[in-house]
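The values are calculated or read from the model by the stated rules, or taken from the named source; none is laboratory data. Remember, predicted model here, so these are calculated numbers, not experimental data. Cβ sites come from the backbone with ideal geometry, for glycine too, and all protein chains shown count toward neighbours. Each accessible area value is taken on the protein alone, full model and side chains, heavy atoms only, with ligands, DNA and RNA left out. Shrake-Rupley method; radii C 1.70, N 1.55, O 1.52, S 1.80 Å.
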Amino acid sequence: MEYTLIAEAYEKMEETTKRTDLTAYLVELFKATPLKILDKVIYLTQGKLYPDYMGVEIGVADKLALRTLANITGLTAEQVEEYYKQKGDIGIVAQDLLTNKKQQTLFSEPLTVERVYTTLEKIAKTTGSGSLDLRLAHLQSLLNDATPLEAKYLMRTVTGRLRLGVADYTVLDALAIAFTGNKENRIHLERAYNISSDLGAVAKTVAEEGLEGILRFRIQVGKPVRPMLAERLESAEAIVEKMGGECAIEYKLDGERLQIHKLGEKVELFSRRLENITTHYPDAISLVKRHIKAKEAILDGEAVAINEETGEYLPFQEIMHRRRKYGIEEAMRQYPISLNLFDILYLEGEDLTQKPYLERRKILEKVTEKTERITVIPAIITADSAKIEEFMQQAILDGCEGIVAKDLKSSYRAGAREFSWIKLKREYKSELQDTIDLVIVGAFYGKGKRAGRYGTFLLAAYDKEEDVFKTATKIGTGFTDEDLVRFPEILQPYMIPNKHARVESKIEADVWFTPKVVIEVIASEVTLSPVHTCAMNIIRKGAGLALRFPKYTGRLRDDKAPEDATTVQEIVELYKAQLKKIVEQ
Ligand code: ATP
């Protein structure tokens, strides 16, 4: 398949913001794609080579990309860099320079998708010292044969800037239309995606075996299941009312979520964002090997840092020390953990996700040999809000964040945030709102003590419907001196010359970033704001919603992707809940 077909499709996609158009272009592209490479085309269209959980990034730095362009155009690196500064978009730079290039390569061969993909794979896999020249040579070979339009998208792809706004759900819609002729079938495809986290595999299955194949799609050990998440409510009474009778109340531990895949002696761990974090927890692995009485299983649980002497749970910050590549043995001794299981999704070849909570919990109890280090999370079953309150107080005393209420009859709803699980956290009880996770999209230089550094940051919430980030506050409080040194370092790789295409802001920041870094903040209230774009025109025309008196809690949420940040929709709900509270007072 010729890469031009893809580049032309991207060009059309880029020009539209309408989801229906985007879907139609995808349908056209998928239909024109040979079955054999359908998965590859899908990964490429999302700027990737594999599903996210494989953790492979193409990761070509701007400098190398610009050097390659200099090589093939005969310009100097400085000239190319200067032009990039003017344009601020590496794709446009490549397109323009190739258009102006006088001398065409004599025997240029049209680029095929297969060749682009394998070359990008080589680039991604060539790492380590001395790899730069090799990466450059691979990229150069592609650019030599590329048309200006192809070069535009190749450059954006290799530097991680291909942002066509193609959300997972848009791909699923397009697949349903292209291969089953009916968009309604998306729900079946969505389930297959939720239990495999692999759009490419879903695409191949539906293209080769149709809806039947999708209905046969099963959980597989080794492929992470998208996690079930909790909605929130503000009181035990509200929970009882929503659940409409008895429900389970479990401790909400504050650690790191682990999805555990066991296949014989092989155990793999996936984070909440489905990264493979097997190497972070050798102790958890050995606990699973010794105390889970099953050959094959997928378990869901929370690893929590503990005080070895007292068995007490420790705060979240402690377990974050385990998120490192080196010195794991030492970290393991310094920051011991306990493994607290709360669900089982799969056992000895059987998919358990469709079974009700209560049944899954019984199975979980059966396969877990409890010790001081591995256990099933404490739970009670009740329909009494006073009992819930009491259990909540105990949970807080024991060092938990709060409780999670669970519908006894609910299946495991992979990838869903619904009211089958409801969280109640301590913060709701105070004047303050719940903590909120926002994405850093820009920064402003500081004054006085912060002169020459960033003084404040521009934060955004995620708009799930539009797949963009909308500003919700400027924040300068709560950062220690150490944070002020550390944040520029953390943000440096994401610095970009102009506002990111997926960021909506009326405020002009001094420095802009690709939305990547998520931080946790608290605030006194949500208030109407003429300048912030979060929920613009939703509550009142001409006004958005913003956080008043925001403060950084000291918690960098590097376990969350930017799309996992608090959503605009959630902030609207917080605003409404707050209004209700004021009215009730
Ligand atoms: P938060 O910022 O509150 O952790 P979140 O967006 O990460 O929220 P939620 O769906 O709000 O996720 O809350 C569920 C999270 O709580 C899970 O991802 C898990 O890490 C943690 N957790 C702790 N105890 C439990 C439990 N008993 N059942 C389910 N999740 C639990």
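In order along segment 358-372, the Karplus-derived 3J(HN,Hα) couplings, from 6.51 cos²θ - 1.76 cosθ + 1.60 at θ = phi - 60°, round to 4, 5, 4, 4, 4, 4, 4, 4, 5, 7, 9, 8, 6, 9, 5 Hz, and Gly and Pro are given as x. Would you please name the chymotrypsin sites (Phe, Trp or Tyr not before Pro) within segment 48-142 that are DSSP coil residues with at most 16 other C-beta atoms within 10 Å of their C-beta? Taking segment 48-142 and a limit of 16 other Cβ atoms within 10 Å, the loop chymotrypsin sites (Phe, Trp or Tyr not before Pro) found are 107.
Would you please give the FRET efficiency between residue 350 and residue 466, computed as 1/(1 + (r/R0)^6) with r the Cβ-Cβ distance and R0 = 35 Å, to the nearest 0.05? After rounding to 0.05, the efficiency reads 0.30.
If r is the Cβ-Cβ distance from residue 417 to residue 108 and R0 is 41 Å, what FRET efficiency results, to the nearest 0.05? It comes out at approximately 0.25.
Each principal axis of the Cα atoms in the chain has its own extent, and those three values, largest first, are 79, 61, 51 angstrom. DSSP assigns beta bridges within the chain; of those with both partners inside it, close to 85 percent run antiparallel.
For segment 189-311, the relative contact order comes to 22 percent (Cα pairs under 8 Å, sequence separation of at least 6). Once a ≥ b ≥ c are taken as the square roots of the eigenvalues of the Cα gyration tensor of segment 436-584, is the result rounded (a/c under 1.5), prolate (a/b larger than b/c) or oblate (a/b not larger than b/c)? Note, shape of segment 436-584 comes out prolate. Using the Karplus relation 6.51 cos²θ - 1.76 cosθ + 1.60 with θ = phi - 60°, the per-residue 3J(HN,Hα) values for segment 252-268 come to 9, 7, 10, x, 10, 6, 10, 9, 9, 10, 10, 10, x, 8, 9, 10, 10 Hz, with x marking Gly and Pro. In order along segment 155-170, the phi-based Karplus estimate (6.51 cos²θ - 1.76 cosθ + 1.60, θ = phi - 60°) of 3J(HN,Hα) comes to 5, 5, 5, 5, 8, x, 10, 7, 10, 9, x, 8, 6, 3, 5, 5 Hz; Gly and Pro are listed as x. Within the accessible area of the chain, the carbon and sulfur atoms contribute 50%, probe 1.4 Å, all protein chains present. First check a/c for segment 166-321, with a ≥ b ≥ c the square roots of the eigenvalues of its C-alpha gyration tensor; if it is under 1.5, answer rounded, and if not, answer prolate when a/b is larger than b/c or oblate otherwise. Oblate shape, in that a/c is at least 1.5 and b/c is the bigger or equal ratio.
Could you work out how far the C-alpha centroid of segment 249-301 sits from that of segment 333-370, in angstrom? When both Cα centres are located, 10 Å separates them.
On the basis of the beta-carbon distance and an R0 of 30 Å, residue 524 and residue 564 show a calculated FRET efficiency of 0.80. Accessible surface for segment 436-584, divided over its residues, is 46 Å² per residue with a 1.4 Å probe. Overall dimensions of segment 229-429, expressed as equivalent-ellipsoid semi-axes from the Cα gyration tensor (√(5λ), whole Å, largest first), are 27, 21, 14.
Can you give me the distance in nm between label points at residue 369 and residue 78, each placed 7 Å from the Cα along the Cα-to-Cβ direction? My value for the distance between the label points is 7.1 nm.
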